[in-house]
Amino acid sequence: MCVPCDYQIELFRFVLPRAKLSNLFVCAVLNVCRVLKNEVMQLNAPIRGIAPLRAAVRKIQTSSEQLTPLHAEYLMLCLLAKQYKAGLSVLEDDIFEVDQPKDLFLYCYYGAMIYIGLKKFRKALELLHNAVTAPMSSLNAITVEAYKKYVLVSLIQSGQVPSFPKYTSSTAQRNLKNHTQIYVDLSTCYGTGSYSDLETFIQSNAEAFQT
């Protein structure tokens, strides 16, 4: 049986300042946070999970430079609640410690979406760039979605999409464009400078862009 949402929030407020950091405690916090996240999403009230998850992120971090599994969960709630500025509380940290690659990909993707919501396109591009160029042995769905956004934001910001830098993984360089061909074609069409052709292209491929 799930703990009621309001009780979970009060539990966080009481326990987090007093708890000692240990592997067992970190695992417990992660589990409770995921239950809390699922509940507030079911209630269609993601804003109610923002403060507890922010507190949890800070509690389980060994330093502000560490990326935790909760960063992405927190940013997702900020995004769903359209509380973009709340996301800056973790996005403005310099991250140098990453344990799980998936945490990094999700952090970059959700963080970029928050910056897009704030119309901070340069910052969004930095995170999308990191998601696209990060080391990977196989292509993942997060990177594919990140590249789609990378194309769109690049066109908004500078009117062109940069080539992959040399340090991009061979996996991404070989496969990304094949999985995002409609966006590659959009970039090509945009580059012709013909507004009417661009409008026609977007309208004729509207369904593909919505999937």
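Descriptive notes on the structure:
- Take the Cβ atoms of Glu126 and Phe209, set R0 to 25 Å, and the FRET efficiency comes out at 0.55.
- Stretch gain in nm, segment Tyr167-Lys119, where the contour uses 0.36 nm per residue and the Cα spacing is subtracted: 14.5 nm
- Residue order for Ile95, Ile47, fewest other beta carbons within 10 angstrom first, comes to Ile47, Ile95.
- Sorted fewest first by neighbouring Cβ atoms within 10 angstrom, Met113, Met41, Met136 come out as Met41, Met136, Met113.
- 0 to 90° range, to nearest 10: angle between helix 23-42 axis and the chain longest Cα axis: 60 degrees
- Directionally averaged shadow of the chain, computed from the convex hull of its alpha-carbon atoms, nm²: 13.4 nm²
- Helix axis angle, 5-15 relative to the chain longest principal axis, alpha carbon, degrees: 70 degrees
- Residue (of Val26, Thr192, Leu75) at the positive-pole extreme of the chain, dipole from beta-carbon charges: Val26
- Pairs beyond 20 Å (Cα-Cα), from Lys37/Lys102; Lys120/Lys177; Lys119/Lys177: Lys120/Lys177; Lys119/Lys177
- The relative contact order of the chain comes to 12 percent, based on Cα pairs under 8 Å that sit 6 or more residues apart.
- Value of [θ]222 nm, deg cm²/dmol, for the chain, DSSP H segments ≥ 4, -39500 (n - 2.57) each, nearest 500: -21500 deg cm²/dmol
Coordinate-derived values only; no laboratory data. Here the structure is a predicted model, which is why all the values come from computation and not from measurement. Counting neighbours? That spans all protein chains shown, and the Cβs are built from the backbone with ideal geometry, glycine included.
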